[in-house]
Amino acid sequence: MPADNSPVLIITGASRGIGAATARLAAARGFHVCVNYLRNQKAAEEVVAAIQQKGGTAATVQADISNEAEVMRLFDSATSQLGPLTALVNNAGTVERQTRLDAIDTARLQRFIRSSPLRFAQ
């Protein structure tokens, strides 16, 4: 774990796109960054390497944020590798074809409900 008092940030879905860009910018502004990914370990490691190459601190953690146990493991791992968490960018999402609400099948609706952050507020 880094010994300084830099803020620590988890970014979900940070292996590519907006998440990766956010991770690089946050690191440039002094954050220690946890790069969360679901499947693309290589891309997540490339983001971390780019951050480290510029003198920043970052780590990868694979976790499916639609699974509460994996979210808990993500937070525990980020804390143990980088220090106490100070911020979260909840960037991860699923991309599915656009459709009307009345045309959504039950499986898709259940995936949406399982991935909703509101379920943690019970």
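Read-outs throughout are calculated quantities, based only on the coordinates presented, and are distinct from any laboratory measurement. Everything numeric here is computed off the predicted structure, so don't read it as measured data. For neighbour counting, all protein chains shown are included, and Cβ atoms are generated from backbone atoms with ideal geometry for every residue, glycine included.
What does the charge count around VAL48 come to, taking other residues whose C-beta lies under 14 Å from its C-beta (Lys +1, Arg +1, Asp -1, Glu -1)? Value of the local net charge: +2.
Build a GNM of the chain with springs between Cα atoms under 10 Å apart, and of VAL71, VAL33, VAL48 the one that fluctuates most is VAL71.
Relative to the longest principal axis of the Cα atoms of the chain, helix 17-28 runs at roughly 20 degrees. Taking trypsin sites (Lys or Arg not before Pro) as exposed when DSSP calls them loop and at most 16 other C-beta atoms lie within 10 angstrom, the chain has its longest site-free stretch at 55-96. Distance from the Cα centroid of the range 1-16 to that of the range 63-90 is 10 Å (rounded to whole angstrom).
What FRET efficiency, computed as 1/(1 + (r/R0)^6) with R0 = 35 Å and r the Cβ-Cβ distance, is obtained for SER80 and ARG100, rounded to the nearest 0.05?
Numbers: r = 44 Å, r/R0 = 1.27.
For R0 = 35 Å, the calculated efficiency reads 0.20.
Take every pair of alpha-carbon atoms less than 8 Å apart whose residues are at least six positions apart; their mean separation over the length of the range 8-94 yields a relative contact order of 37 percent.
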